[in-house]
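Heads up, the thing below is written out as structure tokens.
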Amino acid sequence: MNVPWLTILMVVPLAGSVLVAFLPKGRGLLAKQVAFAFSLVTLALTVAMALQFSADSAERFQFVESHPWIPAFGISYAVGVDGISLVLIALAATLVPVVILAGWNDVDEGSRGSVKGYFALVLVLEALMIGVFAATDVFLFYVFFEVMLIPTYFLIGRFGGPQRSYAAVKFLIYSLVGGLLMLAALIGLYVVSAQVTGTGTFDFGALVGLEIDPDLQKLLFLGFFLAFAIKAPLWPFHTWLPDAAAEAKPGTSVLLIGVLDKVGTFGMIRYCLEIFPAASEFYAPIVIALALIGIFYGALLALRQHDMKRLFAYSSMSHFGFITLGIFVFTTQGQSGSVVYMVAHGLSTAALFLTAGFLMVRVHGSSLLSDYGGVNKAAPVLAGFFLVAALSSLALPGMVSFVGEFLVLLGAFERYMWVGAVATVGIVITAAYVLRVYQKSMTGPLKPGLEGMRDLGGREVTSLVPIAVLTIVLGFFPAPLLNVINPAVDRVMSTVGMTDPTPTISSTGTSSEGSGQ
Amino acid sequence: MSAPALVMAAEVQFTLPSVNYYAIAPILILFGAAVVSVLVEAFVPRGGRRPTQLVLVIGAIVAALVVTVDLRGTRLITGEGAIAVDGPTLVLWGALLVVGLLATFLMAERSVDPLGDAFAPRASALPGSEDEQQFTKRGFLQTEVWPFLLFALTGMLVFAAANDFLLMFVALEVMSLPLYLLAGMARRRRLLSQEAALKYFLLGAFSSAFFLYGAALLYGYSGSVNFVILSETLAAKPGEGTLVAVGVALVMVGLLFKIAAVPFHQWTPDVYQGAPTPVTAFMAATVKIAAFAAMLRLLYVSLGGLRWDWTPMLWIIAGLTMVIGSVLAITQTDIKRMLAYSSIAQAGFILIGVVAASPEGLASSIFYLIAYAFTTIGTFAVVSMVRNASGEATSLSAWVGLGKKSPVIAAVFSLFLLSLAGIPLTSGFVGKFAVFSAGIASGAAWLVVVGVIASIIAAFFYVRVIVLMYFSEPTEDTASVVIPSTFTTIALTAATVMTIALGVFPQWLLDIVEQAGVFVR
């Protein structure tokens, strides 16, 4: 049976967004309900698809579809998922209904930008996020990668805070710079494939293992890598992130940092490593250095932030350092850990931004830490969820982020002991800033003015429960996640190893490539 | 010069040139209609002129289009080597005619301005004079614009097919002179319009003279004005570099002026701003197609052997054009001037395809030209609809918050801007992709990198307009969007559809330009 699962997953939210956009004016509630329903249907379909995914299939990609699109340039509409993209699609499909529910009252009728516009854009973004992870044609990936900018740009620029326009333009320009660099590399890759194979192609399967001249490979790698490094973002390409995260609605920030930025790290592991294995190895020390700098830079700045949203943005930057580190140490544990970390970070970011958002609606939209204190007395449920989110962010054992972080550090230790050792210090700072936020906002005497603060309502609790449950369940029992991810990571490792006859990976115990040295 | 000509006249029996009339029928149809159109001006009573002219113009363009489609597959040189009708010619003719038709619709628009169409009721009346007010009050229309349009379009068709320097020069003049006049006929802000016309004329006349001088030098070198003979001479007599180099350089000045490449671009912002907006749309879209068509034929057919001499020159010009066009566009506060600088930058992108000097380069340039032409018609159609009490509101401050007041038009305009910026799923992206890949394949990777950098700069000012329209609240200066008649609606719809269609499903046009093959020699 050939159900075009992935296409359906994209068409459903897209159809929902069209429906929402064409609802009559003034039917804000209906728009929310329709958007929520469509996002739930998408989630249900995603679950149905995921249940049919077979982790130990011999095929690289499952649920494959391929149709020629622009044959003149060897471009096709080709989608398929492996374990890595499956979990990221599942993450996106989970977070969208959560965000819609949590942001139910974020946009009211009459304020700038219409309600239906906001929810239509969120659904468009969901379709594009699924597309970008599902694409197995590099050109198709690029198209999704770029087009995603447009709904995000409007989500930030139309519905954000006072500096939203500045933040939106900064986000767009940074992303466009990265995207166009990637375009140049993409065209270069196409020309190379035409020279090597006779006909140019963008098919990922055909591009993997393409013999590319090492010097050229380094240039092409840089084009792709810079785009991903800006997206993720790595130090020093990060300055757009705090602005965008601080100005956007909490829901937008969740999608932006929780899912969209994962496209960067996903792109590194899928495209940079597999298409340019030699260049990846060549640049690995530099990338690892940037990742380490990012871990500390983000964490140290987070320690000094007064604005919660900016703080979470910097903390994310630190986490992205860990994810990138795991990818570029070239060990199975490191890379599996990175993918788990991507999911974990998506969940913890969602929890943090959404609880912060709930706090903010209660105190005139302020996100300054100094405006809060002793919230756990007035709103214990809110404080409880905030604590879970905070602990998940600092990777407490028993949380899914612990699994990811631990594996990344393990992988790093196996490859370069000192890198692992240095990165571990980052965890300490993470704990420091996370606990500082909790302590300042939730504990201590109740801040004057917060006396009448409402605790979380039913809708708000409903939106946070799935995240908290996933965080804890997957933390204690990560097997479903790892079973899906590990075969995919093994494949990435063997692709990188295959084109590299003398791998410099030291024997890692579980990874099978450690034949050298 | 006169002595050999006399000798030739004495020796050679004069024979009637053989012409395949059907192959050049599109030109003849337009030319015939242009002549009839002049007669209409002379003999049809004033009230009947506009409908008659419109039927004539639209009928002639459609008839020429039908013949062009019927001619597909034709590949011949006729008129004693002067006219080449081949795949690229026919594709470009088709593009010129379709885009010309859409521009005709824009020029025929009478609903957006309460005073009438976009043209001065009497171009001869002094701006601001009593006469002018009288003519306006009595509702006069300047219907001479229609013969001008037909002559200009005729010239463009010939320009795209000209296979020798003499015919190319004639075509250059036939297409340019009516444009100079059209540029000066704006109904509102007439002094600006007349200034634009004069500037365009003076600089255009200069560049024509350069072209002619260069053509004469090349004639002196090869003994013929024919492109094919020039290329054979170049192959037979290498080494006589100076005459050829100077000749080629001067001819290229003339052509680079027409496509508005740096450093021959200074006229563009003034003319684009001053000319009546429908004329700007017509000029921006079609002149670029015609001039690039001529340049491609000249470079590929007759100067292909000199490729290593002209590519470095064009590399530099392409790079400068992209960067300078994009950078200067950032500083503009008038939407028409901004679009003018953007058109300069776009010319630079197309030059990447030209300078690739390969079949892919040819196909990608043609694709880019067609994609760009439709988007351009669309952008200026929107500009002509955004108005306030004193006419078109071209100052960017009048576009603030337009997204709130007119969401549909703002969305359409954003689409065009995104296409010009080269965002995927728009025609502009496919065009950029095509020329960039042709450029990299021809070894000009660094030029593509410059192109990418210029695209980033350009994206900034395109996006800025979107920011203005959407992210700011409307002020009291914000213009309104006037509901146009069917004419503009058709043109705008066609431009929108093509911008999306060529972005999402570009294969059919890529097939057409690929099957068009290379120039006949």
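The values are calculated or read from the model by the stated rules, or taken from the named source; none is laboratory data. What you are looking at is a predicted structure, and each value in this text was computed from that prediction instead of being measured. We place every Cβ from the backbone using ideal geometry, glycine too, and count neighbours over all the protein chains shown. Note: accessible area is taken over every heavy atom of the protein model, side chains too, but ligands, DNA and RNA are not part of it. Shrake-Rupley method; radii C 1.70, N 1.55, O 1.52, S 1.80 Å.
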From the set of residues in region B:482-493 that are of a type in the set (A, V, I, L, M) and open to solvent by 30 Å² or more (accessible area, probe 1.4 Å), which is nearest to the other protein chains (Cβ to nearest Cβ)?
B:483
Suppose we filter B:122, B:138 for residues that are in contact with a helix residue (DSSP H, G or I) (Cβ under 8 Å, 6 or more places away or on another chain) and surrounded by fewer than 22 Cβ atoms within 10 Å (Cβ to Cβ); which single one remains?
B:122
Exactly one of B:286, B:331, B:277, B:311 is open to solvent by less than 10 Å² (accessible area, probe 1.4 Å) and more than 18 Å from the chain's Cα centre (by Cα), and that residue is B:311
Determine the pairs where a residue that is facing another protein chain (nearest Cβ under 7 Å), located within region A:141-159, has a partner that is basic (Lys, Arg) and open to solvent by 10 Å² or more (accessible area, probe 1.4 Å) with Cβ atoms under 6 Å apart, the partner being 6 or more residues away or on another chain.
A:157/A:164
So which residues in region B:404-435 are within 11 Å of residue B:481 (Cα to Cα) and open to solvent by less than 10 Å² (accessible area, probe 1.4 Å)?
B:410
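Conditions tested, residue by residue: (1) open to solvent by 30 Å² or more (accessible area, probe 1.4 Å); (2) within 13 Å of another protein chain (Cβ to nearest Cβ); (3) at pLDDT 90 or above.
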| residue | (1), (2), (3) |
| --- | --- |
| A:67 | yes, yes, yes |
| A:80 | no, no, yes |
| A:85 | no, no, yes |
| A:103 | no, no, no |
| A:107 | no, no, no |
| A:117 | no, yes, no |
| A:123 | no, no, yes |
| A:128 | no, yes, yes |
Within region B:498-521, of all residues that are within 13 Å of chain A (Cβ to nearest Cβ) and of a type in the set (Phe, Trp, Tyr), the one surrounded by the fewest Cβ atoms within 10 Å (Cβ to Cβ) is B:508
Given the condition at the interface with chain A (Cβ under 10 Å from one of its Cβ atoms) and of a type in the set (D, E, K, R), answer yes or no: does some residue in region B:393-411 qualify?
yes
Of B:450, B:382, B:435, which residue is within 20 Å of the chain's Cα centre (by Cα), within 16 Å of residue A:186 (Cα to Cα) and more than 8 Å from every other protein chain (Cβ to nearest Cβ)?
B:435
Return yes when residue A:359 is closer than 19 Å to residue A:425 by Cα, surrounded by 22 or more Cβ atoms within 10 Å (Cβ to Cβ) and among the aliphatic types (A, V, I, L, M) and no when it is not.
no
Would you please name the residue that is surrounded by the most Cβ atoms within 10 Å (Cβ to Cβ), looking only at residues in region A:178-228 that are in a helix (DSSP H, G or I) and of a type in the set (Val, Ile, Thr)?
A:187
Got a sec? Which of A:190, A:166, A:174 is under 19 Å from the mean Cα position of the chain (by Cα) and either within 11 Å of chain B (Cβ to nearest Cβ) or at pLDDT below 90 (or both)?
A:174
